[in-house]
1. Take the residues in segment A:313-357 that are of a type in the set (D, E, K, R) and surrounded by fewer than 20 Cβ atoms within 10 Å (Cβ to Cβ); name whichever of them is farthest from A:Val176 (Cα to Cα).
2. If you take the residues in segment B:196-208 that are crowded, with 20+ Cβ neighbours inside 10 Å and facing another protein chain (nearest Cβ under 7 Å), which one is nearest to A:Phe102 (Cα to Cα)?
3. Specify which of the listed residues (B:Thr376, B:Thr367, B:Thr393, B:Thr426) is among the polar types (S, T, N, Q) and crowded, with 19+ Cβ neighbours inside 10 Å.
4. Regarding B:Arg57, is this residue on the phi < 0 side of the Ramachandran plot, out of contact with any Cys (no Cβ under 8 Å at 6 or more places or on another chain), assigned to a helix (DSSP H, G or I) and not small (Gly, Ala, Ser)?
5. Please find, among A:Ser94, A:Ser65, the residue that is surrounded by fewer than 24 Cβ atoms within 10 Å (Cβ to Cβ) and among the hydroxyl-bearing types (Ser, Thr, Tyr).
6. List the strands (runs of 3 or more DSSP E) that sit entirely inside segment B:64-171 and contain at least 3 residues that are in contact with a helix residue (DSSP H, G or I) (Cβ under 9 Å, 6 or more places away or on another chain) and over 30 Å from B:Arg360 (Cα atoms).
7. Just checking, does segment B:290-305 include any residue being outside any helix (DSSP H, G or I) and on the phi > 0 side of the Ramachandran plot?
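The values are calculated or read from the model by the stated rules, or taken from the named source; none is laboratory data. Model, not experiment: these values are computed from the prediction. A quick note on method: Cβ atoms are made from the backbone with ideal geometry, for glycine too, and the neighbour counts reach across all protein chains shown.
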Amino acid sequence: MSVATAKERPNTNTPRSVVVEGNEAAAIGVGLSRPDVVAVYPITPQSSLVEHISQMIADGRLNASLMNVEGEHAVLNGLQGVALAGGRTFTATSGPGIAFMFEPYVRTPGLRLPMVASLVTRDLLSPQCVWGGQQDAMVVREAGWIQMHCETVQEILDTTVMAYKIAEHRDVMLPVNVCHDGNYLSFGVTRVELPEQEQVDKFLGPAATNWHIALDPLRPMGVDPLTGGSGGPGARNFVRYRKGECRGMQNALRVISEVHAEWAERFGRSHAPLIEEYRLDDADYALVTIGGMTGAAKDAVDIARDQGEAVGLIKVKTFRPFPLEAMTKALAKVNRVGVVDRSVSFGWNSGPVYAETLGALYHTGKPIPAVSFIGGLAGADITAEHFARAIALTRDLKWQSGPREPVWLNEND
Amino acid sequence: MAKCFSTLQFHPERCDGCIECMTACAQAKAGTDDLRFSRIRILPSINGSGHELALCRQCADPVCVMNCPSGALTKNADTGVVDWAGDKCVDCLLCTAGCAYAGIVYEAEVGHVSKCDMCDGAPACVAACKNGALEHRTEARLFNGFAEKEDMFCPGLAACHGCNSELLIRHTMRMVGPDSVVAAPPGCIPGMGTVGYNGQTGAKVPIFHSLLTNTATMLAGVKMQYNRVGREVIAVALSGDGGTADAGFQSVSGAAERNDPILFICVDNEGYMNTGMQASGVTPYGSWSSTTPVGGAMQGKRTEAKNLPVIMTMHNCSYVATASPAFLEDYYAKLAKAIEVSKTGMAYLHVYTPCPTGWRFPSSMTTEVCRMQVRTNFVALWEYDPENGLRFTHKVDRPEPVSNYLKMIGKYRHLSEEQVAHIQRTVDDKIAYLDQLTKIETHAAASAH
């Protein structure tokens, strides 16, 4: 089976590479992971991802069943059924799609179903918009799904395959959202290297989705009976399940790192599993970024370094579970920090990654000046110039007790 | 469980006294038209109007057998017939003294006692009756077959007293059997403990507490995976009307459009009975419910119920039928079809299951209420498939006025005469509409003749 397209071309460095958009890179990663069932429903900017997979199935390049359903809600419901019957699943969604999916979405981690779904991040309504932003991912960050945010098209492909290994790890058994920025990464076209199918098969192994919970006449059980209530065993039963989910999340921090290390060993490409420290060791201050914006931010850091600024960068790849230990270690190296979000925490009057960075700062034992930057909402660009401004503002930060207003990077564009 | 047998049923209102049955019996048993040889007797009614039947009832605890001193009369354990053995009979006639039905009699011309032997299961009298006054009833086969199947739910489900839904799901899952996966969205069915509480389950089959909104799709996913790996599993939804007609409708409609191979059973108790009797989209006009209350400004539900089973036929899925727990023969026939159909396409069964608790009628009256729904045409029993279209399976020729049904139910207690008249009109219109649907000749039906 070959999941590559006609655009395949020879390359001297690697056996095979193709030039594709981010959505197609995800589709290739899905194909290599051999799901049993893919459920599809279109939504911008994700649509081309499921179109690519549908075509792979139609062409016979991917031996999966295609489930054409009537909405994102049904997408996840159908796939939960597949997983409970032992199948490996995939779907993709964005913004309002995940809002519609929310009811089965919040249930998936509690069922401990190791499903993988791309979240092609998009801003949420209203104002009505169809463009990139990470509001969707941030709104669902307490649903119990693992979230890994990609920076490059290659990372999308590689992380999609890795996601299955992480989700289906016996110590994890939780669903994974592989997030990539709508518009920028979804439609951004670059060359990617293709792993060999045989190598991926060895890396992933067979699907293991329902050893713990199943809808199977050979193993009859009541799946998800009512649990909880005061009195009787309900209260402690419920706690046991919730603690189990938390433990799975914490185990995922280790498993994500192990899987990324194994990937690097097998395929020769290394991606930072939890956070990436960029020019941080000798930095006086740093930016924190997440997702596709990081490329422009690194450029801005390089330019500032050339100008003598002691600035570094911390990229968050794994946002759920929150990599507290890694973040604490990284933040301890600097004296001022500016966090750039592509979404809003309405309750904190800041970006959500900023609010969580403050949580990690507590563990460093030293309160340092920090500021929230909000940019890139609804498809707006965060350019190297925007980042240069963020760098300058972070450099000049003074300690301030009490809340600080966020800086809206695109306010005057 | 005790065994039941087929029997002869007499409908006196259909009997015109032609006594063709007696002639047929005399011919069958003695090759003569001499009616003294007939073992069935039609007699003028004692009150002077109509006719009565004198015939052996093949009693379960027959007095004739007890009275017989020679062992000539025995109750056959396999057929249920009270057999008479001429070679053992001593002509004492004690048997005739014991029978209250004149079912075993002595005629001098015959020379010994004689009684009905059911003609080995094909009674000549029934075949001879042109008016349908005699029927060979075979419900017993259903009952006996039922007893051979395992109940897929544990004893002691916590349904309300007189609950129809529990009756229905136990019957249904006995027939579906253990190679199945059941989805039960929130409502009375999981509420009574089928899926379970705190780690204990009330079911012997794999059962899942689906969402109110996702039952059909989730089952379709289960089924899709088993189809991929080549295992035959019946995927069954036991859903209330809210999980089918309201919040669950998108899921049901999508599955029906895709003709997903599942068996979806809507257990329609006309509202959210489990959460406290709130109205749903299939709550009928005029019903009291806790969200369509009765007061000075509002007298129950102000809009009609949507006709969900008819809507389902518009999806062209493989099979759609309505059913009533008072007509279990009809239901079993449809269930058997639905189980078979669900291996390749979607089968949808809409079962009308009155709720004594929520509708406010005595729990002893559940089956009577079900029966009256059908007798008044408030509920119509029909089935549909895309090849043959829609047909009635139990047409009611002379329906009773719908008021006879409404007055049995507490939730209609407040209805004004105008409201009752309105309901009667909508019942009539609904039947007329269905009647038109039965007259559509599909291409498949047309090419068949």
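1. Checking each candidate, the answer is A:Lys333.
2. Going through the qualifying residues, I end up with B:Phe208.
3. Numbers: B:Thr367 fails: crowded, with 19+ Cβ neighbours inside 10 Å; B:Thr393 fails: crowded, with 19+ Cβ neighbours inside 10 Å; B:Thr426 fails: crowded, with 19+ Cβ neighbours inside 10 Å.
Answer to the selection: B:Thr376.
4. Against the criterion (on the phi < 0 side of the Ramachandran plot, out of contact with any Cys (no Cβ under 8 Å at 6 or more places or on another chain), assigned to a helix (DSSP H, G or I) and not small (Gly, Ala, Ser)), B:Arg57 does not qualify.
5. Working: A:Ser94 fails: surrounded by fewer than 24 Cβ atoms within 10 Å (Cβ to Cβ).
None of the other options fit; the residue is A:Ser65.
6. Qualifying strands (runs of 3 or more DSSP E): B:73-75, B:104-106, B:113-115, B:134-137.
7. Checking segment B:290-305: at least one residue is outside any helix (DSSP H, G or I) and on the phi > 0 side of the Ramachandran plot.
Let's see how each residue does on (1) within 13 Å of another protein chain (Cβ to nearest Cβ); (2) closer than 21 Å to B:Gln373 by Cα:
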{"residue": "B:Ile234", "(1), (2)": "yes, no"}
{"residue": "B:Phe264", "(1), (2)": "no, no"}
{"residue": "B:Glu270", "(1), (2)": "no, yes"}
{"residue": "B:Ala279", "(1), (2)": "no, yes"}
